[in-house]
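Every read-out reported here was derived from the displayed coordinates using simple, explicitly stated rules and does not represent laboratory data. Computed from a prediction, not measured in an experiment: that's the story for all the values here. Every residue, glycine as well, gets a Cβ built from its backbone with ideal geometry; the counts of neighbours run over all protein chains shown.
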Amino acid sequence: MEERYYQKEIETMPYEQIRALQSEKLVKQVQHVWDNCPPYRKLMEEKGVTPADIKGIDDLHKLPFITKDTLRETYPYSMLAVPLSECVRIQSTSGTTGKRVIAYYTQNDVNLWEECCARAIVAAGGTKEDVVQVCYGYGLFTGGPGLNGGSHLVGSLTLPMSSGNTERQIQFMMDLKSTILCCTPSYAAYIGESLKEQGYKPEDNSLKAGIFGAEPWTEEMRHDIEASLGIKAYDIYGLTETSGPGVSFECSEQKGMHINEDHFVAEIIDPETGEVLPEGSKGELVFTSLDKEAFPLLRYRTRDICVLSRKPCSCGRTHVRMSKPMGRSDDMMIIRGVNVFPSQIEAVLLNEGYAPNYQIVVDRSKNNDTFDVYVELSPEQFTDTVSGITAREKALAGAIRTMLGIGPIVHLVAPKTIARSEGKAVRVIDKRKLHD
Amino acid sequence: MSIKQLTVFVENRQGALVQITDLLAANHVDMRALSIADTQDFGILRLIVNDNDEALRVLQSGGFLVQATDVIAVKISDTPGKLSSALHALNVHGINVEYLYAFITRTARHAYVVLRVTDNDAASAVLEEAGFHMVSEEDIKKL
């Protein structure tokens, strides 16, 4: 099959030209934040850097890093660099009230984001003849809106299904003959199993490809999904902070995701020292945006551990490829596509009157994440009836669901029974095999 | 009239229950009655003992989650239909029973029923009105 591109000239641009383009855009992006975003300017001043020091991409390392904390500290207006009247949209990460990160978009920011998603859809074989079923969540989560916009640009018929209601997903999939499925890989696996349970064979559906992201998945899971749905499964990557999905995406080669380098510069750093590591090293992925107006990001630490590769790709795309994230440099977990920090669970416990003695156990059963939270009961919370205790468990699970958007099974346990190693409680047990 | 029941949270693991009975035995606490409610994850052990303070102390210092709960106990003659008539009396007055358990003793031809209800005082009054004898802490000690 002949390789197709959404924007061939940019996607296959020789590396030297990409670098020149990046240099030119970086100078402008730095000047933009210096002029229009006081928190950025302060960070740069603290590091003794001015826009005059940034003459091109080789000077990128001089800029200060920013982290999720930097963004949270400036809640609710994040690192807004245009007047609010210029913004047309927000999206947001899940998170504690006051701690979530709100991403702002001008119309141009939305356009460029959707363009990135369109590139991913075309790389997965999408054309205007396709029927794209988007079952990522719509709303504050970037998954649904991003792929929806990309699909519009490609000209495909877009089914804005949002997540959940598997019966209805399958009905639309079969009746409207969806050809491309966009969702989390675990939901794709679940749909595959549901189809099988209903007696469908992989060849009974019209799907040819799937674009799956928002959570880590293995090659093994890819094979399972490809076999159960009869499709080719493509990975897509992104963060709310950078815009959303589409920062990078897989091509037919399926060996790493091409980063849209005309919009983002990627670096790999040593998470301990912050030192930039050479190509091919494993380290923390850092992104710098080049075109963002409302919410620019300079050297944003993603906490994802990756490897970058500039080896030529058979698809013809010249943009650098990133590996699937191999882990995190912080304690964030991705459960059913939702970012979860243990500190969020802890905040709910304290808020609900529990001592922060807990353990999170995450596992994967039939390609779906299981999420259990064990919490030690205190004497004040103990009651003499089973219904009293199960009501407490349900209430706590509900409070966690309100915070995270996903609900765990809560187990109240006896005091001092949660495993402690070297006196320190083990907060997270992740039994999933997420990385190859 | 209410009596104290000790309620103990029991982990669902092998040996959890025997740890509790060992502790009580070692400290010469005599059990009058017991019942256990179990779920997949945990159990709730309910005990009527001869010495509440001592039992509470030894279980707490043994690291158990234990609570003294006010329950009522009623003495009924050990004949068919008597429990039913007691429950009818409560039902008629809209008193809900959360749980109950019963025991008989060697000496008297009576059964004792421990009840956890929504309102101890109301339930006691209803049962006494219906001709039942409510059991006191003193009665328990003498059994």
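A cut-off under 9 angstrom between Cβ atoms defines the neighbours of residue A:363, and their net charge, with Lys, Arg +1 and Asp, Glu -1, is 0. Projecting the alpha carbon convex hull of the protein assembly as shown along each direction and taking the average yields 33.9 nm². Over chain B, dividing the summed -39,500 (n - 2.57) contributions of all DSSP H runs of at least 4 residues by the number of residues returns a 222 nm mean residue ellipticity of -9500 deg cm²/dmol. Quickly estimate the mean residue ellipticity at 222 nm for chain A, helices only: each DSSP H run with n ≥ 4 gives -39500 (n - 2.57), and the total goes over all residues, rounded to 500. It lands at -9500 deg cm²/dmol.
Toward the positive end of the charge dipole of chain B, with +1 on the Cβ of Lys and Arg and -1 on the Cβ of Asp and Glu, the farthest Cα among B:58, B:135, B:2 is that of B:135. Near residue A:303: Cβ cut-off under 12 Å, other residues only, Lys/Arg at +1 and Asp/Glu at -1. The net charge is -3.
Can you give the average number of partner chain beta-carbon atoms within 10 Å of each beta-carbon in peptide A:383-391, as a whole number?
Values: counts 5, 17, 8, 8, 3, 2, 6, 3, 0.
Per residue, the average neighbour count from other chains is 6.
For chain A, modelled as a GNM whose springs connect Cα atoms under 10 angstrom apart, the maximal fluctuation among A:383, A:93, A:127 occurs at A:383. Compared with the dominant principal axis of the Cα atoms in chain B, helix B:16-26 is inclined by about 90°.
When both the range A:80-141 and the range A:1-53 are represented by their alpha-carbon centers, they are found 20 Å apart. For a 4.7 Å threshold on C-beta separation, the list of partnerless cysteines in the protein assembly as shown reads A:37, A:87, A:116, A:117, A:182, A:306, A:313. As I understand it, the value is the acute angle between the Cα axis of helix B:120-129 and the longest principal axis of the Cα atoms of chain B; what does it come to in degrees, rounded to 10? Helix B:120-129 and the main axis of chain B meet at about 40 degrees.
Could you list the square roots of 5 times each eigenvalue of the Cα gyration tensor of the range A:334-430, that is, the equivalent ellipsoid semi-axes, sorted largest first and rounded to whole Å? Intermediate results must be reported in sequence, preceding the final value.
Working: eigenvalues 87, 54, 32 Å².
Rounded to whole Å, the semi-axes are 21, 16, 13.
The range B:1-39 and the range A:199-266 have Cα centres separated by 55 Å.
Report, to the nearest 10°, how far helix B:52-61 tilts away from the longest principal axis of the Cα atoms in chain B, using its own Cα long axis and a range of 0 to 90°. It works out to around 30 degrees.
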